[in-house]
Amino acid sequence: MFLLPSLLSLTLSQGRGSAEVHPKISYKVCTKAGCTTKNGGIVIDSEWRDIVTADGAPCLKSNGDFDIPNVCKDAADCSDKCLLNGYTYSKASVSTSGSAVRLGFLNSDGSIGSRVYLFDEDLKQYQLWKMVNKEITFDIDTSTLGCGTNGALYFSEMDADGGSSRFPRNKAGAAYGTGYCDAQCPRDGKFIGNNANVGRKYGSCCFEWDVWEANAYATQMAAHPCGVNTPAYVCESDCQKCDTSGCANNPYRFEAQNGVKNHPFYGLGKQVDTSKKFTVVTQFISSNGLDSGTLKEVRRLYVVGGKVVETVAKIQNGKPYNTIGNDFCTNGSAGDDAYMRLGGDAAFTKSFQRGAVLAISLWTDGSMGWLDEIDGGPCTSPGGKEGVIAKNKNSYVEYSNIRYGDIDTTY
């Protein structure tokens, strides 16, 4: 395993505190000639780490805010004095074995879930994924994830180095999980850009493609374009840059809209039987069949019991829609005009040409009603966060056999 150096700098924000070892994971890169195994690592997001001073004292109060004025005087001073510690991955119920990564729902300290990234141990940065005319495939075990949970795998246009080249105070970088962004332009990061995020002054916006959001009862994929042309755009008052709702494809919703009763496609004992491990294929189809083309649509396939299964198509105006792209998001989606307003397929083409980071997470917002309730799935309200925890103490999601490559080469 690659051992990170310790205490490289003790005077810069997001500096490195104690060292850590990234859990190893293997994945495959495929062409028509076959697949090659690559070895990488998993790194947990910086938000899961202890933030300390040079002598190891906590920088944060119990509510998660910077301890002003006891540890540091203001945002600039906190940026200078506070460091990110290395992480013990068993603390967050994160483990790897061969090609598999498992995320547990309830962590040993009582916190919930985790978010990790695939790390290139050779280049010492996040693995960058360029998806136009490519596909990503993985096996998944989502059997224990109950209502109100979300095991997610998605692309976010983060900086490969975690922002360290753009932001001089960031000396920790990707090796310590810095630089997160998504289409919600989240403001809860302790460090965003070059700054300690005192008072949640800053947010971080970027293109986000949700390849997989699911539990054992419901699933969707969704595209969230943004009106930015850079990774991890740092916002202040201008944090309404992206399509926060997204243009989504949810088979349960499509079954209901098509008048299909009993929702036979996805769930425990259904056609895509979530009580067992199955394979998810997501294809980013190019307009001309070349990497240089424009993203045309994104297609979902499953492999169940050795058979390829197409996802449910929504029938609208006599036309089936089972992909995401300009056509679906204009004519097949429920009134979502943001995809086209923010550039649609052409904008995502440019984003993927720059490259995206693969994020893997397990989380809850206390309900996940948008994912698995009403028209999204069969669940009823789990009773808030405490209800979700009570019913999912031993839940986990496991991804394995991640494959990336040319269309129709990974399954």
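Of the residues Ser395, Ser381, Ser361, the single one that is more than 18 Å from Gln283 (Cα to Cα) and within 18 Å of the chain's Cα centre (by Cα) is Ser361. Residues in segment 382-405 that are under 15 Å from Thr279 (Cα atoms) and small (Gly, Ala, Ser): Ser400 only.
Scanning segment 205-212 for residues that are over 18 Å from the mean Cα position of the chain (by Cα) and either touching a residue at least 24 places away in the same chain (Cβ under 8 Å) or within 19 Å of Gly355 (Cα to Cα) (or both) turns up nothing.
Residue-by-condition table, conditions (1) touching a strand residue (DSSP E or B) at 6+ places or on another chain (Cβ under 9 Å); (2) among the aliphatic types (A, V, I, L, M); (3) modelled with pLDDT of 70 or more; (4) surrounded by 12 or more Cβ atoms within 10 Å (Cβ to Cβ):
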position: Leu4; (1), (2), (3), (4): yes, yes, no, yes
position: Leu8; (1), (2), (3), (4): yes, yes, no, yes
position: Ser13; (1), (2), (3), (4): yes, no, no, yes
position: Arg16; (1), (2), (3), (4): yes, no, no, yes
position: Val21; (1), (2), (3), (4): yes, yes, yes, yes
position: Cys30; (1), (2), (3), (4): yes, no, yes, yes
position: Cys35; (1), (2), (3), (4): yes, no, yes, yes
position: Lys38; (1), (2), (3), (4): yes, no, yes, yes
position: Ile44; (1), (2), (3), (4): yes, yes, yes, yes
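With respect to Cys235, is the statement that it is closer than 17 Å to Arg341 by Cα and either β-branched (Val, Ile, Thr) or touching a Lys or Arg at 6+ places or on another chain (Cβ under 7 Å) (or both) true? No. Output yes when any residue across segment 227-242 is within 30 Å of Asp141 (Cβ to Cβ), in contact with a strand residue (DSSP E or B) (Cβ under 7 Å, 6 or more places away or on another chain) and at pLDDT 95 or above, and no when none is. No; the residues of segment 227-242 include none that is within 30 Å of Asp141 (Cβ to Cβ), in contact with a strand residue (DSSP E or B) (Cβ under 7 Å, 6 or more places away or on another chain) and at pLDDT 95 or above. Scan segment 256-274 and give yes if some residue there is within 21 Å of the chain's Cα centre (by Cα), crowded, with 21+ Cβ neighbours inside 10 Å and among the polar types (S, T, N, Q), otherwise no. Checked against the condition, which is being within 21 Å of the chain's Cα centre (by Cα), crowded, with 21+ Cβ neighbours inside 10 Å and among the polar types (S, T, N, Q), segment 256-274 yields at least one hit. Mind checking which residues of segment 70-88 are assigned to a loop (DSSP other than H, G, I, E, B) and either among the aliphatic types (A, V, I, L, M) or in contact with an Asp or Glu (Cβ under 9 Å, 6 or more places away or on another chain) (or both)? Answer for segment 70-88, where residues must be assigned to a loop (DSSP other than H, G, I, E, B) and either among the aliphatic types (A, V, I, L, M) or in contact with an Asp or Glu (Cβ under 9 Å, 6 or more places away or on another chain) (or both): Val71, Cys72, Asn85, Gly86, Tyr87, Thr88. Whenever a residue of segment 345-371 is closer than 24 Å to Asn215 by Cβ, its partners that are modelled with pLDDT under 95 and part of a helix (DSSP H, G or I), lying with C-beta atoms within less than 6 angstrom and at least six residues away or across chains, give the pairs Gly366/Gly384; Gly366/Lys385.
Kindly provide the set of residues from segment 361-375 that are more than 22 Å from Phe155 (Cβ to Cβ) and either out of contact with any Phe, Trp or Tyr (no Cβ under 9 Å at 6 or more places or on another chain) or in a strand (DSSP E or B) (or both), ordered by number. Hits for segment 361-375 are Gly366, Ser367, Gly369, Glu373, Ile374. Restricting segment 382-409 to residues that are small (Gly, Ala, Ser) and out of contact with any strand residue (DSSP E or B) (no Cβ under 7 Å at 6 or more places or on another chain) leaves a set whose member that is surrounded by the most Cβ atoms within 10 Å (Cβ to Cβ) is Ser395. Residues that are within 19 Å of Gly355 (Cα to Cα), in a loop (DSSP other than H, G, I, E, B) and among the small types (Gly, Ala, Ser) do not occur anywhere in segment 262-284. The residues in segment 89-121 that are hydroxyl-bearing (Ser, Thr, Tyr), part of a helix (DSSP H, G or I) and surrounded by fewer than 18 Cβ atoms within 10 Å (Cβ to Cβ) can be counted, and the count is 1.
Count, please, the residues in segment 364-381 that happen to be within 23 Å of Lys277 (Cβ to Cβ) and buried (at least 19 other Cβ atoms within 10 Å of the Cβ). Adding up the residues that qualify gives 6. Taken over segment 122-157, residues that are assigned to a strand (DSSP E or B) and closer than 21 Å to Lys277 by Cα amount to 12.
Among the numbered conditions (1) in contact with a strand residue (DSSP E or B) (Cβ under 7 Å, 6 or more places away or on another chain); (2) within 28 Å of Arg300 (Cβ to Cβ), the only one that Lys130 does not meet is (1).
Table: residues versus (1) over 30 Å from Thr36 (Cβ atoms); (2) of a type in the set (A, V, I, L, M); (3) free of Cβ contacts under 8 Å to residues at least 40 places away in the same chain.
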| site | (1), (2), (3) |
| --- | --- |
| Lys61 | yes, no, yes |
| Tyr87 | no, no, no |
| Ser95 | no, no, no |
| Leu106 | yes, yes, no |
| Asp109 | yes, no, yes |
| Gly113 | yes, no, no |
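Checking each residue in segment 241-291 for being under 28 Å from Ser204 (Cβ atoms), among the charged types (D, E, K, R) and in contact with a His (Cβ under 7 Å, 6 or more places away or on another chain) picks out only Asp243.
The values are calculated or read from the model by the stated rules, or taken from the named source; none is laboratory data. All figures in this text were calculated on a predicted structure; none of them were measured in a lab. Please note: Cβ atoms are built from the backbone with ideal geometry, for glycine as well, and neighbour counts cover all protein chains shown.
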